[in-house]
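Down below is the structure, laid out as C-alpha coordinates.
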Amino acid sequence: MIHEAPKSPKEVLSAHQHGDSPATKRRKPVIAIDGPAGAGKSTLAAHLARRFGFLNLETGAMYRALALKAIESDYSFDEAEPLLALAESTRITLQPQLEGNRVLLDGMDVSRRIREADVTSGASQISVHPPLRAWMVQEQRALGAQGGVVMEGRDIGTAVFPDAEVKIFLDAAPEVRGNRRFRQAVPIEYTTARQTESRQEADPETAAQHRAAQQAILEEMRERDRRDRNRAESPLRPAEDAVILDSTAMTLDEVLAEAERIVREHLQPS
(Lines give C-alpha, C1' and ligand atoms only; values in the text may rest on other atoms or scores of the structure.)
Protein backbone atom coordinates (compact mmCIF):
# COMPACT_ATOMS: atom_id res chain seq x y z
CA MET A 1 0.00 0.00 0.00
CA ILE A 2 1.16 3.53 -0.79
CA HIS A 3 0.80 6.35 1.68
CA GLU A 4 1.44 10.06 1.51
CA ALA A 5 2.89 11.50 4.69
CA PRO A 6 1.61 15.08 5.16
CA LYS A 7 3.96 17.97 5.85
CA SER A 8 1.88 19.09 8.84
CA PRO A 9 -1.16 17.80 10.77
CA LYS A 10 -3.34 20.20 8.77
CA GLU A 11 -2.25 18.74 5.44
CA VAL A 12 -3.89 15.36 5.69
CA LEU A 13 -4.62 13.37 2.56
CA SER A 14 -6.31 10.07 3.17
CA ALA A 15 -4.85 7.03 1.45
CA HIS A 16 -7.69 4.81 2.62
CA GLN A 17 -10.62 6.00 0.54
CA HIS A 18 -10.49 3.46 -2.30
CA GLY A 19 -13.62 3.53 -4.36
CA ASP A 20 -14.46 7.18 -3.57
CA SER A 21 -15.01 9.38 -6.56
CA PRO A 22 -12.32 12.09 -6.85
CA ALA A 23 -14.75 14.39 -8.64
CA THR A 24 -17.33 14.33 -5.85
CA LYS A 25 -15.00 14.24 -2.83
CA ARG A 26 -12.29 16.63 -3.98
CA ARG A 27 -12.24 20.00 -2.20
CA LYS A 28 -9.24 21.55 -4.00
CA PRO A 29 -7.93 21.39 -7.57
CA VAL A 30 -5.58 18.78 -9.01
CA ILE A 31 -2.73 19.81 -11.30
CA ALA A 32 -1.71 16.90 -13.55
CA ILE A 33 1.68 16.98 -15.26
CA ASP A 34 2.47 14.25 -17.77
CA GLY A 35 5.28 13.73 -20.21
CA PRO A 36 8.18 11.51 -21.24
CA ALA A 37 11.30 10.77 -19.22
CA GLY A 38 13.71 13.68 -18.82
CA ALA A 39 11.21 16.38 -19.77
CA GLY A 40 11.59 18.10 -16.40
CA LYS A 41 8.28 17.07 -14.81
CA SER A 42 9.69 16.73 -11.29
CA THR A 43 11.25 20.19 -11.35
CA LEU A 44 8.07 21.73 -12.70
CA ALA A 45 5.83 19.89 -10.23
CA ALA A 46 7.95 20.97 -7.26
CA HIS A 47 7.88 24.58 -8.44
CA LEU A 48 4.12 24.69 -9.00
CA ALA A 49 3.45 23.02 -5.66
CA ARG A 50 5.46 25.71 -3.88
CA ARG A 51 3.97 28.54 -5.91
CA PHE A 52 0.32 27.56 -5.37
CA GLY A 53 0.59 25.98 -1.92
CA PHE A 54 -0.20 22.43 -3.06
CA LEU A 55 1.36 19.10 -2.15
CA ASN A 56 3.75 17.59 -4.67
CA LEU A 57 3.16 13.87 -5.20
CA GLU A 58 5.65 12.17 -7.52
CA THR A 59 3.93 9.08 -8.87
CA GLY A 60 7.05 7.89 -10.67
CA ALA A 61 8.67 7.36 -7.29
CA MET A 62 6.01 4.75 -6.56
CA TYR A 63 7.03 2.66 -9.57
CA ARG A 64 10.69 3.16 -8.75
CA ALA A 65 10.20 2.03 -5.15
CA LEU A 66 8.35 -1.10 -6.27
CA ALA A 67 11.05 -1.81 -8.85
CA LEU A 68 13.65 -1.58 -6.09
CA LYS A 69 11.64 -4.01 -3.97
CA ALA A 70 11.50 -6.39 -6.95
CA ILE A 71 15.27 -6.14 -7.40
CA GLU A 72 15.93 -6.78 -3.74
CA SER A 73 13.47 -9.69 -3.71
CA ASP A 74 14.87 -11.17 -6.95
CA TYR A 75 11.56 -10.87 -8.81
CA SER A 76 11.39 -10.91 -12.60
CA PHE A 77 10.19 -7.70 -14.24
CA ASP A 78 8.35 -9.80 -16.82
CA GLU A 79 5.78 -11.52 -14.60
CA ALA A 80 2.81 -9.35 -13.71
CA GLU A 81 1.02 -11.45 -11.09
CA PRO A 82 3.99 -11.92 -8.73
CA LEU A 83 4.76 -8.20 -9.04
CA LEU A 84 1.17 -7.35 -8.16
CA ALA A 85 1.31 -9.59 -5.10
CA LEU A 86 4.59 -7.95 -4.13
CA ALA A 87 3.01 -4.50 -4.48
CA GLU A 88 0.08 -5.43 -2.27
CA SER A 89 2.44 -6.51 0.51
CA THR A 90 4.73 -3.48 0.23
CA ARG A 91 4.47 -0.21 2.11
CA ILE A 92 5.56 2.85 0.13
CA THR A 93 5.39 6.25 1.83
CA LEU A 94 5.79 9.61 0.12
CA GLN A 95 6.85 12.56 2.24
CA PRO A 96 6.61 15.81 0.21
CA GLN A 97 9.68 18.04 0.52
CA LEU A 98 10.59 21.39 -1.00
CA GLU A 99 12.06 19.48 -3.95
CA GLY A 100 10.37 16.23 -4.87
CA ASN A 101 9.51 13.59 -2.29
CA ARG A 102 11.29 11.66 0.40
CA VAL A 103 10.47 8.03 -0.36
CA LEU A 104 10.28 5.30 2.25
CA LEU A 105 10.14 1.65 1.25
CA ASP A 106 8.87 -0.50 4.12
CA GLY A 107 10.08 2.23 6.46
CA MET A 108 13.54 2.68 4.91
CA ASP A 109 14.56 5.88 3.14
CA VAL A 110 15.32 4.96 -0.49
CA SER A 111 15.04 8.45 -1.97
CA ARG A 112 18.52 8.34 -3.53
CA ARG A 113 18.66 4.65 -4.34
CA ILE A 114 15.56 4.78 -6.54
CA ARG A 115 17.28 7.32 -8.82
CA GLU A 116 20.01 4.87 -9.84
CA ALA A 117 20.08 3.42 -13.33
CA ASP A 118 19.03 -0.15 -12.52
CA VAL A 119 15.97 1.01 -10.60
CA THR A 120 15.04 3.55 -13.28
CA SER A 121 15.16 0.85 -15.94
CA GLY A 122 13.21 -1.57 -13.74
CA ALA A 123 10.46 0.96 -13.09
CA SER A 124 9.98 1.43 -16.82
CA GLN A 125 9.77 -2.33 -17.33
CA ILE A 126 7.25 -3.09 -14.58
CA SER A 127 5.05 -0.18 -15.60
CA VAL A 128 3.96 -1.95 -18.79
CA HIS A 129 1.86 -4.54 -16.91
CA PRO A 130 -1.87 -3.65 -16.98
CA PRO A 131 -2.75 -5.22 -13.57
CA LEU A 132 0.07 -3.35 -11.89
CA ARG A 133 -0.84 -0.04 -13.51
CA ALA A 134 -4.47 -0.51 -12.47
CA TRP A 135 -3.35 -1.05 -8.88
CA MET A 136 -1.11 2.02 -9.02
CA VAL A 137 -3.91 4.16 -10.46
CA GLN A 138 -6.17 3.16 -7.58
CA GLU A 139 -3.50 4.09 -5.05
CA GLN A 140 -2.73 7.39 -6.76
CA ARG A 141 -6.40 8.36 -6.87
CA ALA A 142 -6.64 7.75 -3.16
CA LEU A 143 -3.61 9.95 -2.47
CA GLY A 144 -5.06 12.87 -4.39
CA ALA A 145 -8.73 12.30 -3.56
CA GLN A 146 -9.16 15.59 -1.70
CA GLY A 147 -7.20 17.68 -4.21
CA GLY A 148 -4.71 20.40 -3.49
CA VAL A 149 -1.99 18.33 -5.15
CA VAL A 150 0.38 18.46 -8.08
CA MET A 151 0.80 14.96 -9.50
CA GLU A 152 3.32 14.16 -12.20
CA GLY A 153 3.78 10.98 -14.16
CA ARG A 154 2.89 9.41 -17.49
CA ASP A 155 -0.90 9.00 -17.26
CA ILE A 156 -2.15 11.38 -14.58
CA GLY A 157 -4.34 13.42 -16.90
CA THR A 158 -5.55 10.45 -18.93
CA ALA A 159 -6.04 7.65 -16.37
CA VAL A 160 -5.52 8.76 -12.78
CA PHE A 161 -7.34 12.11 -12.80
CA PRO A 162 -9.01 12.57 -16.21
CA ASP A 163 -11.11 15.28 -14.50
CA ALA A 164 -8.08 17.25 -13.22
CA GLU A 165 -8.65 20.98 -13.27
CA VAL A 166 -5.26 21.61 -14.91
CA LYS A 167 -3.47 19.27 -17.31
CA ILE A 168 -0.02 20.00 -18.69
CA PHE A 169 1.86 17.67 -21.05
CA LEU A 170 5.52 18.62 -20.75
CA ASP A 171 7.64 17.49 -23.68
CA ALA A 172 11.01 18.09 -25.32
CA ALA A 173 13.06 16.58 -28.12
CA PRO A 174 14.75 13.28 -27.15
CA GLU A 175 18.22 14.75 -27.67
CA VAL A 176 17.46 17.61 -25.28
CA ARG A 177 16.01 15.29 -22.66
CA GLY A 178 18.96 12.94 -22.98
CA ASN A 179 21.42 15.79 -22.53
CA ARG A 180 19.58 16.92 -19.40
CA ARG A 181 19.77 13.45 -17.93
CA PHE A 182 23.46 13.25 -18.79
CA ARG A 183 24.15 16.52 -16.97
CA GLN A 184 22.27 15.17 -13.95
CA ALA A 185 24.36 12.01 -14.00
CA VAL A 186 27.63 13.94 -14.55
CA PRO A 187 27.15 17.21 -12.65
CA ILE A 188 30.71 18.41 -13.30
CA GLU A 189 31.98 19.66 -16.61
CA TYR A 190 32.40 16.63 -18.83
CA THR A 191 35.49 18.00 -20.50
CA THR A 192 38.75 17.46 -18.65
CA ALA A 193 40.56 20.27 -20.44
CA ARG A 194 42.77 22.35 -18.22
CA GLN A 195 41.85 25.96 -18.79
CA THR A 196 45.39 27.23 -19.11
CA GLU A 197 46.60 30.25 -20.98
CA SER A 198 47.60 27.97 -23.84
CA ARG A 199 44.03 26.51 -23.94
CA GLN A 200 45.26 22.94 -23.92
CA GLU A 201 42.84 20.60 -25.69
CA ALA A 202 40.70 18.13 -23.73
CA ASP A 203 41.92 14.58 -23.28
CA PRO A 204 40.53 12.86 -26.43
CA GLU A 205 40.03 9.54 -24.67
CA THR A 206 38.05 11.06 -21.81
CA ALA A 207 35.96 13.15 -24.19
CA ALA A 208 35.15 10.02 -26.19
CA GLN A 209 34.10 8.21 -23.02
CA HIS A 210 31.71 11.01 -22.14
CA ARG A 211 30.23 11.03 -25.63
CA ALA A 212 29.66 7.28 -25.35
CA ALA A 213 28.02 7.71 -21.94
CA GLN A 214 25.79 10.46 -23.28
CA GLN A 215 24.78 8.30 -26.25
CA ALA A 216 23.95 5.40 -23.92
CA ILE A 217 21.65 7.63 -21.88
CA LEU A 218 19.93 8.84 -25.04
CA GLU A 219 19.40 5.28 -26.29
CA GLU A 220 17.98 4.20 -22.91
CA MET A 221 15.63 7.19 -22.97
CA ARG A 222 14.41 6.31 -26.45
CA GLU A 223 13.75 2.74 -25.28
CA ARG A 224 11.77 4.06 -22.32
CA ASP A 225 9.80 6.28 -24.69
CA ARG A 226 9.02 3.23 -26.84
CA ARG A 227 7.79 1.22 -23.84
CA ASP A 228 5.78 4.12 -22.45
CA ARG A 229 4.09 5.00 -25.73
CA ASN A 230 3.30 1.43 -26.77
CA ARG A 231 2.22 -0.27 -23.55
CA ALA A 232 -1.26 -1.79 -23.51
CA GLU A 233 -2.45 0.00 -20.36
CA SER A 234 -2.50 3.83 -20.30
CA PRO A 235 0.10 4.52 -23.00
CA LEU A 236 1.93 7.82 -22.80
CA ARG A 237 -0.08 10.45 -24.67
CA PRO A 238 -1.43 13.93 -23.98
CA ALA A 239 -4.99 14.13 -22.67
CA GLU A 240 -7.32 15.68 -25.22
CA ASP A 241 -7.76 18.76 -23.04
CA ALA A 242 -4.12 19.01 -21.91
CA VAL A 243 -1.96 22.03 -22.70
CA ILE A 244 1.17 20.80 -24.47
CA LEU A 245 4.27 22.62 -23.26
CA ASP A 246 7.31 21.88 -25.44
CA SER A 247 10.44 22.98 -23.61
CA THR A 248 12.92 22.07 -26.35
CA ALA A 249 13.87 25.68 -27.11
CA MET A 250 12.93 27.18 -23.73
CA THR A 251 14.98 28.07 -20.68
CA LEU A 252 13.94 26.71 -17.30
CA ASP A 253 12.67 30.12 -16.21
CA GLU A 254 10.56 30.37 -19.35
CA VAL A 255 9.04 26.93 -18.75
CA LEU A 256 8.18 27.74 -15.13
CA ALA A 257 6.65 31.09 -16.06
CA GLU A 258 4.54 29.60 -18.84
CA ALA A 259 3.34 26.76 -16.61
CA GLU A 260 2.32 29.27 -13.93
CA ARG A 261 0.36 31.20 -16.55
CA ILE A 262 -1.42 28.01 -17.65
CA VAL A 263 -2.36 27.12 -14.07
CA ARG A 264 -3.68 30.59 -13.27
CA GLU A 265 -5.68 30.67 -16.50
CA HIS A 266 -7.35 27.35 -15.70
CA LEU A 267 -8.01 28.06 -12.04
CA GLN A 268 -9.40 31.56 -12.33
CA PRO A 269 -13.15 31.82 -11.66
CA SER A 270 -15.23 31.54 -14.80
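The values are calculated or read from the model by the stated rules, or taken from the named source; none is laboratory data. Note that the structure is predicted; figures quoted are calculated from it, not measured. Virtual Cβ from ideal backbone geometry, glycine too; neighbours counted across all protein chains shown. These accessible areas exclude ligands, DNA and RNA; they are computed on the full protein's heavy atoms, side chains included. Shrake-Rupley method; radii C 1.70, N 1.55, O 1.52, S 1.80 Å.
Averaged per residue, region 107-154 has 34 square angstrom of accessible surface, using a 1.4 angstrom probe with ligands and nucleic acids left out. Between Gln138 and Asn230, the simple label model (points 7 Å from Cα in the Cβ direction) yields a spacing of 3.0 nm. Take the Cα of Asp163, step 7 Å toward its Cβ, do the same at Ala207, and the gap between the two points is 5.8 nm. Most tightly packed first, judged by the mean number of other beta-carbon atoms within 10 Å of their residues, the peptides 148-159, 106-117, 237-248 read 148-159, 237-248, 106-117. The calculated FRET efficiency for the pair Leu98 and Ala173, based on their C-beta separation and a Förster distance of 45 Å, comes to about 0.95. Using the 1.4 Å probe convention, the accessible area of region 227-270 works out to 65 Å² per residue with neighbouring protein chains retained.
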